[in-house]
Amino acid sequence: MFGYYLDLALRSLRRNQILTALMVLAIGLGIGASMTMMTVLHVMSADPIPDRSGQLFYPHLDPTPLDRRKNALAPDPTDNMTWPDAMALLAAHRGTRQAAMSGGNLVAHPEKVSANPFTIDGRYTTADFFAMFRLRFVAGHAWTATDDTARSRVVVLSEALSRTLFGTDDSAGRMVQLGEHTFRVIGVTAPWAPQPMFYADAAAHKFGESDQFFLPLATAVDLKLDTSGNVSSWKKFSGDLTASSVTWLQFWVQLDKPDQVAAYRRFLFDYSAQQKALGVYERPADSARLDSLRERLVTLHLVPDDLRLQSWLALGFLMVCMVNIVALLLAKFLRRSGEVSVRRALGAQRRDIFVQFGVESALIGLVGGGLGLLLAQLGLWGIRRRPDEYAQLAQMDTAMLLSTFALAVVASVLAGLLPAWRACHIAPALQLKTL
Amino acid sequence: MQIRPVLSALRKHRVATVLIAMEIALACAVLCNACFLIANRVQQIRIHSGVDERALAAIKLTGFDEKDGVDLNARVLSGLATIPGMRSVSVINAVPFGGSPNNAGITTDAAGKQFAGVVNFYTGGPGSFTALGLRLIAGRAPQDDDYQPVVHFVPDDALVWVSQSLAEHAWPGVDPIGKEFWVGRPHFRVAGVVANLARPSPGEGGPSTIEWSVFVPSQPGAHFAGTYLLRASPEELSRVLRDARAAIAKIAPDAVLETATSQSVASLRETFFQQDRTMAGILLGVIAAMLLVTALGIVGLASFWVQQRRRQIGIRRALGATRGDILGYFQTENFLIVTFGIVLGMLLAFALNLLLMTHYELPRLPLYYLPIGALILWGLGQLAVLGPALRAAAVPPVVATRSV
């Protein structure tokens, strides 16, 4: 029967080509706009570190005084951690792995005297960072906890930076001048750029290029290297980043099992309570919390307001297109009252008529989906030319490709429901008389 | 034209009528709000920076040691001044649209209780006030001994020039000259008001605070070095900037030239508003596509109705109706449907505006957008229905005698 309905649908669509073209165009435009925006949202909310995301957690402590004024426009100071807290959590070693980190930028001086110095972005962090976030090394290795405590002057470079500075991937053991100081290259990492850059400060850019170098955090503090990201202080700021009233560090912990997560949450509460007992904290112990990676991504507010607005616009546009198609299909189906009545009189049930028109709507959806796919590719090409940092990610994967067609067919079948229902309730006798 | 027969005919096609009216309503709501969003963006793009954008450029150096700042300033100022066509070179901390603002919260009392917002401080060395081309509307221009050494990020106790927008915000309705404000301990006294002065980058308070800027005459030194304001005639500016960027490699080989910010102020402005321009373009595209789809819907439905009523049209023509009557009938019908849609659409437009206001920084939709939106949709409806209506008018009366 399906083949027959398909044949009927094709004939009917061919009979009124202008109307068919209008409907296909409407659904194509609506689907194209919606899928462009949905693809962008899809890539922006992708899992940045798929094989580890379930095990990564972000502890929150609140060392701010009770009389701190909340400012909706300024960054939240409790989003980051103070140096003493981060060092205490590191030393406690309650997770499988844990690392404190901060963004930093330095001036790199290439070996060749003729080449100009240039600024590089990277991260000051602690030894577990590399194993926790699964960075691979193409040469050398990560530094150890001993290097952290000894404040060793070592650096891990990205493959790209190693090539720019030394012309080779294997620069382990070489010396490099960053800012005022000289560091020994201890390792070179394979390209690694999780999108979004979930582990960075809320003020950092989230998409695009990742870190070019990694330095031991204690070394960076020791040498007073420039940090990037929010630094919040609620007492007079003397420039000392190790003060207990300055938050600036991100802290990540890897917890493999659910009971480990519960234990860590308890540990955070206990730590917070202990700090309150000592008079360091003013807020109650339950102001501490442990965010999963997913929850952290929500806090980071990854989707810009403009993009959200554009997505709503696209969906609204799809709505307009659907209402349009409902009206056109209604006109088309009701016009075939005579045909429907003949089929009913010859023994077709209401259900059969309903399925017949459903097939016709789905066919329009399928063709419209094809057009929508083309338009979405055009839209994504337009987005990739925008200057936004997420623009380069705007590519369609197989899942989005299939869902384009699925959405198109579902939308057109939904649009066809009311017209088909009306058509199958035509009273045959009345229509047959007028034939 | 009689409306009653049209209405009773529409009652026979209730579902289709309601659907087209709904489509018009949705289009009306989106049209009004999208136009309003565009107008808002355009207003932001059009903002007056207060400086001679076409004659100014910035050079920004980083990566040098703080103790070398004094020496760097001397080398750059003398080195760049020799470039042919250069009108002036001065030290400044930032230029409008160039990023790296010096934001600080100010209070209008020494105790720090009367908070007056987060404002941007421009520190400018000798010559920069004139070079910027700021238009003074009250008070006097800075004199040589007004330039104070920078202590932290600004001089500790200085005379300042504020933008009119900031003066009206901090001291509404009173003469701002001589008024004082504080940033913790550092203390400032207003010596003049300039017509406009935009921030280097958007502030924490959103678009309405874009001109909350203060100009502090400052003496270049170790804490105040690295960014330079170049002035040349608009025709020569791009060449002068190119020469200056090339000269920096020789003048200051150890410093890093920030290429993204070492641009003319006009091109910094271009980059600054790129996102707003894209957004306005997208909104325009959405409006166009939606009007197109709505028009297509009207064309489709009207064509169908014309075909369906061929016989009735023929009968009306045979009974003496003119072509104009038939044309008028379909136009009236369309007018009525669109009017239903518009009434519903105005309510929707307001609901959508309220929703947008809770999520975005957006004022209330001005009422005059509604009649304009209505006029556009009425026009669109009449245009869309014209084709099918003309076809209906062309139906010959002889149709009535066939197949009856």
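The values are calculated or read from the model by the stated rules, or taken from the named source; none is laboratory data. Here the structure is a predicted model, which is why all the values come from computation and not from measurement. Cβ coordinates were reconstructed from backbone atoms using ideal geometry, including for glycine residues, and neighbour counts include every protein chain displayed. Only protein heavy atoms, including side chains, enter the accessible area calculation; ligands, DNA and RNA are left aside. Shrake-Rupley method; radii C 1.70, N 1.55, O 1.52, S 1.80 Å.
Some points to look at:
- Counts of other chain beta carbons within 10 angstrom of each beta carbon in peptide B:282-288 average 4.
- Of all accessible heavy-atom area on segment A:53-299, the percent that carbon and sulfur account for (1.4 Å): 50
- Mean residue ellipticity (222 nm) of chain B, computed from DSSP H runs ≥ 4 via -39,500 (n - 2.57), nearest 500: -16500 deg cm²/dmol
- Cross-link partners for A:Lys433 among the aspartates and glutamates, with Cα-Cα distance under 16 Å and sequence neighbours closer than 8 places in the same chain left out: A:Glu339.
- Within the straight-line cut-off of under 18 Å between alpha carbons, the aspartates and glutamates reachable from B:Lys113 are A:Asp67, B:Glu180, sequence neighbours fewer than 8 places apart in one chain being disregarded.
- Relative to the dominant Cα principal axis of chain B, helix B:14-45 is inclined by about 20°.
- Based on protein heavy atoms only, chain B ends up with 45 Å² per residue of surface accessible to a 1.4 Å probe.
- Highest GNM mean-square fluctuation among A:Phe214, A:Phe357, A:Phe251, for chain A modelled with Cα contacts below 10 Å: A:Phe357.
- When DSSP beta bridges are restricted to pairs lying wholly in the protein assembly as shown, around 75% turn out antiparallel.
- The residues packed around B:Val42, meaning those with a beta-carbon under 12 Å from its beta-carbon, carry a net charge of +2 if Lys and Arg are +1 and Asp and Glu are -1.
- Each Cα pair under 8 Å and six or more residues apart adds its separation to the average, and for segment A:53-299 the resulting relative contact order is 33 percent.
- With 50 Å² as the minimum drop in accessible area between chain alone and full protein complex (1.4 Å probe), the qualifying residues in segment A:298-345 are A:Asp306, A:Leu309, A:Leu313, A:Phe317, A:Val320, A:Val323, A:Asn324, A:Ala327, A:Ala331, A:Arg335.
- Inter-part distance where segment A:140-161 and segment B:158-220 are each reduced to a Cα centre, Å: 47
- Eigenvalues of the alpha-carbon gyration tensor of chain B, scaled by 5 and square-rooted, set the equivalent ellipsoid semi-axes at 65, 24, 15 angstrom, largest first.
- Mean-position separation - Cα centroids, segment B:16-85 and segment A:241-292, in angstrom: 42
- A simple packing score, the average count of other Cβ atoms within 10 Å per residue, orders the peptides A:329-337, A:240-248, A:196-204 as A:329-337, A:196-204, A:240-248, with the highest score first.
- Buried surface between chains A and B: roughly 3400 Å² of accessible area, summed over both sides, computed with a 1.4 Å probe on protein heavy atoms only.
- GluC sites (Glu not before Pro) within segment A:309-408, DSSP loop, no more than 16 other Cβ atoms inside 10 Å: A:Glu389
- Divided by 2.2 N^0.38 Å, where N counts the residues, the Cα radius of gyration of segment B:64-254 comes to 1.04.
- Gaussian network model of chain B, springs between alpha carbon atoms under 10 Å - residue of B:Ser49, B:Ser213, B:Ser78 with greatest fluctuation: B:Ser78
- Working from Cα pairs under 8 Å separated by at least six residues, relative contact order for chain B is 28 percent.
- In terms of the mean number of neighbouring beta-carbon atoms within 10 Å, the peptides B:126-133, B:88-95 order highest first as B:88-95, B:126-133.
- Peptide packing: for A:26-34, B:190-198, the average count of neighbouring Cβ atoms within 10 Å per residue gives the ranking A:26-34, B:190-198, highest mean first.
- Neighbouring partner chain Cβ atoms per residue of B:23-30, average, 10 Å criterion: 4
- Principal-axis tilt of helix A:83-92 within chain A, Cα atoms, nearest 10 degrees: 90
- q = 0.12, 0.25 Å⁻¹, segment A:200-282: log10 I(q)/I(0) [Debye, one scatterer per Cα]: -0.56, -1.22
- Cα long-axis angle, helix B:323-359 against chain B (0 to 90 degrees, to the nearest 10): 40
- Selected from A:Arg134, A:Arg14, A:Arg296 as most flexible by GNM, with chain A as the system and alpha-carbon contacts under 10 Å: A:Arg14
- Convex hull projection area averaged over all views, the protein assembly as shown, Cα basis, nm²: 44.9
- Evaluated over the Cα positions of segment A:4-90, the convex hull gives a direction-averaged projected area, one quarter of its surface, of 12.7 nm².
- For the peptide B:297-309, the mean number of other protein chain Cβ atoms found within 10 angstrom of a residue's Cβ is 5.
- Computed from the alpha carbon positions, the gyration tensor of chain A leads to an equivalent ellipsoid with semi-axes of 60, 26, 18 Å, biggest first.
- Spin-label pair A:Lys235/A:Arg151, simplified geometry with 7 Å Cα→Cβ offset, distance in nm: 2.1
- With one equal scatterer per alpha carbon and no solvent term, the Debye-computed log10 I(q)/I(0) for segment B:1-137 at 0.13, 0.14 1/Å reads -0.83, -0.92.
- A:Asp170 sits among other residues whose Cβ lies under 13 Å from its own Cβ, and their net charge, with Lys and Arg +1 and Asp and Glu -1, is 0.
- Charge context of B:Arg189, other residues only, Cβ under 10 angstrom, K/R +1, D/E -1: -1
- Note on A:Asp47 and B:Val70: the model spin-label points, each 7 Å out from Cα along the C-beta direction, lie 5.9 nm apart.
- Mean separation of Cα contacts under 8 Å, 6 or more apart, over the residue count of chain A: relative contact order %: 28
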